[in-house]
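Read through the structure below, which is laid out as C-alpha cells, and then see the notes.
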Amino acid sequence: RPYPGIRKCVMSALKGDLSSGVTECDNIEKNQHSLIRARYVRNGGEFWVAVVPTIGAVEKVVGCVGIRPKKMKNDGIDFDSSQDVVKAMEYEVFRLVVDDTQRGKGIGKSLLQLAQDFAVFQSIGKMRRCVHLENCVKIWAVTAQFFVEANKLYEADEFVCYERDGLLNSYCKTIIL
C-alpha cells in the first residue's frame with residue numbers, strides 16, 4: 001500500500017458510482033449486471049469490465065473503463081436540434097484501470113479503444129460542425145501525473161495533454177468523423 005491516500009480516493013469514487021441514485025429496484029436491463037454500469041448508461045454512457053478466465057471457470061476482473069458525455073458548461077445547447085452548432089460532441093473517460101499483474105498485455109489499450117468506439121458511434125447522427133467545421137468527437141481524460149503507465153497510454157493513443165496542474169494531467173483527443 002504505497003499510496004494510502006490514493007486508495008482512499010479510489011474507494012470514495014467507487015462508492016459514489018454505486019450510490020448515485022440507482023437502486024437495485026430500478027429497471028435494469030438483463031445484461032446490465034452492475035449498479036456502476038446502470039449509472040453510466042442512465043447518463044448516456046457505458047461501463048465495461050475486462051475479465052480473464054481462471055481455474056474452475058471463474059473469471060477474474062483485470063480492468064475496467066467508463067465513458068459518458070462530458071457535462072457542458074453551456075447546457076442551453078441542444079445537440080439534437082436542427083441548428084448548426086459550432087461544437088464537437090464531447091465525452092469523458094473515467095475509471096480506466098488495469099490490474100498491476102495484467103499491464104503490458106494490451107488490456108488498457110483495448111478498453112480505451114472500446115470507449116472511443118462507443119463515443120464515435122453515439123456521436124454519428126448527432127454531430128454538428130466542430131471549430132474547424134469538420135464533424136468530430138472530443139474525448140477527455142484526467143489522470144494523476146504519477147500514474148506513469150496511464151500517461152504513456154494516453155500519449156501513445158494520440159491524446160494531447162492540455163493541462164498539467166502539478167498533480168493531474170488533462171488529456172483530449174479529437175477524432176474527425
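The values are calculated or read from the model by the stated rules, or taken from the named source; none is laboratory data. Note that this is a predicted model, so its numbers are computed, not measured. Glycine also receives a Cβ, built like all others from the backbone with ideal geometry; neighbour counts cover every protein chain displayed. Quick note on the areas: whole protein, heavy atoms, side chains included, nothing else; ligands and nucleic acids left out. Shrake-Rupley method; radii C 1.70, N 1.55, O 1.52, S 1.80 Å.
For this structure, a couple of remarks:
- Hey, Glu158 at pLDDT 95 or above, not small (Gly, Ala, Ser) and not in a strand (DSSP E or B) or not: yes
- If the condition is being basic (Lys, Arg) and either in contact with a Lys or Arg (Cβ under 6 Å, 6 or more places away or on another chain) or at pLDDT 95 or above (or both), then the stretch 106-127 contributes only Lys109.
- Scan of the stretch 115-127 for residues that are open to solvent by 70 Å² or more (accessible area, probe 1.4 Å) and either touching a residue at least 24 places away in the same chain (Cβ under 8 Å) or under 10 Å from the mean Cα position of the chain (by Cα) (or both), ordered by number: Ile124, Lys126
- Residue within the stretch 83-104 that is at pLDDT below 75, part of a loop (DSSP other than H, G, I, E, B) and under 21 Å from the mean Cα position of the chain (by Cα) present: yes
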